[in-house]
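Step one of this worksheet: look at the structure below.
The values are calculated or read from the model by the stated rules, or taken from the named source; none is laboratory data. Note that the structure is predicted; figures quoted are calculated from it, not measured. Glycine gets a Cβ as well: all are built from the backbone with ideal geometry, and neighbour counts include every protein chain shown. Protein only, heavy atoms only, side chains kept; ligands, DNA and RNA dropped before computing areas. Shrake-Rupley method; radii C 1.70, N 1.55, O 1.52, S 1.80 Å.
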Amino acid sequence: MDVRFFKNDLESWAIAAAITLGVTLALHFLRRVVLHRLRARSARAGLTADAGANELVASMLRNTYLVIMLAMSAYLGALALDLTDKQRLIVSRVAIAALILQLAIWGDTLLRAWRDRSIGGDGKRASRTIICFLTRLALWVVAFLMVLDNFGFNITALVASLGVGGIAVALAVQNILGDLFASLSIMLDKPFEIGDFIIVGDVLGSVEHIGLKTTRLRGLGGEQVIFANGDLLKSRIHNHKRMETRRVAFVLRVAYGSSEQQLARIPALIREVVGAEPRAVFERAHFFHYGEWSLNFEVVYHFQSPDYVAHMDTQQAILLEIYRRFEREEIRFAHPLSIVRMDGQDGAAQSSFRS
């Protein structure tokens, strides 16, 4: 008895099934063999670049699914059958959709491996996470549209509608999207990184976390200060962590009545004091102004370290040594002084001093 199914006899169906099953088993066996050899090579390579490449290929093979191999093998098996054009088109479309899905899975695996292999601290890992998320989203959207187009759907109208819907969604969540892209800008441009000490307006603190929407600082008082990424980039940011040298300027006020020799001695004296500090580089010291109650000297030097505590220690040592030198040279510091003149009862002018 000749039994036929979809115009093909049992022998043709058996051949097609055998081809499908054989190709699937062969692909599965080949995948297991390659995985075994990659594991052995990775064990011998240790932590080298070859070991990383082997692990990446192994990860892609582990994400090669049996159902996808079966769908692609079924296309080869269908070649042994006598099918109508419509039936053959359906089989080919299923196989192409399976191939697109597998390629998308491999691409997704590569992107996640690139993200997880990031080096350079939490800041770099966070930037890779954002880029990976956006790239994976684009990858799956493209794969989805390709599958729909493969099955004969008109994706032009769909893309147009998605564009209109995307604009509406973007307008609704523009603040969130602004913070998201500001976060990406922070990660790529790196105006600051985790651990940096920054000043934003009147807020001082160390960067603790850079997220998709917010950046968190630990303030000097121990409190956590949270900025929206978009607002943060609109502000002027002072990054003290990247300061290589610190310019220090201060004014010394000397009392009127000091001798000309004492005034001429002060710049050289200050040069000696500043030069004695190992991390301080003297720039200048000048008598620059006659004040209302003092003779003013401006002192400028550069401290060769971003460490604020070390800077304050050095400045304290310099000021104390200047005080000792002034006492030794009998140079008097000025303090605010005003003179009040009053007419006495006898008409003679009397003067008094008030500080």
Averaged over all viewing directions, the convex hull of the alpha carbons in segment 188-311 casts a projected area in nm² of 10.6
Taking 136-144, 103-111 and ranking on average Cβ neighbours within 10 Å, highest first, one gets 103-111, 136-144
Along segment 98-109, Karplus-curve 3J(HN,Hα) (6.51, -1.76, 1.60; θ = phi - 60°) to the nearest Hz, with x for Gly and Pro, reads 5, 5, 4, 4, 5, 4, 5, 5, 5, x, 5, 5
Quick tally, 1.4 Å probe accessible area for Phe227, Phe192, Phe151, Phe29, sorted with the most first, runs Phe29, Phe151, Phe227, Phe192
Counting only protein heavy atoms and leaving out ligands, DNA and RNA, the solvent-accessible surface of Met146 at a 1.4 Å probe, in Å² to the nearest 10, equals 100
Karplus ³J(HN,Hα) for segment 243-252 (6.51 cos²θ - 1.76 cosθ + 1.60, θ = phi - 60°; Hz, whole; x = Gly/Pro) runs 6, 8, 10, 10, 7, 10, 9, 8, 10, 9
Extension length gain for Thr129 and Met243 (0.36 nm per residue less Cα distance), in nm, is 38.2 nm
Straight-line reach check, Lys86, cutoff 24 Å on alpha carbons, 8 or more apart in-chain or any other chain, hits among lysines -> Lys7
Non-local residues with an amide H under 5 Å from the amide H of Asp196, with H modelled 1.01 Å from N and Pro and chain starts lacking one, are Val207
Here FRET efficiency (C-beta to C-beta, Arg284 to Ile176, R₀ 45 Å, nearest 0.05) is 0.30
Charge tally for neighbours of Leu139 with beta carbon under 15 Å away, counting Lys, Arg as +1 and Asp, Glu as -1, is +2
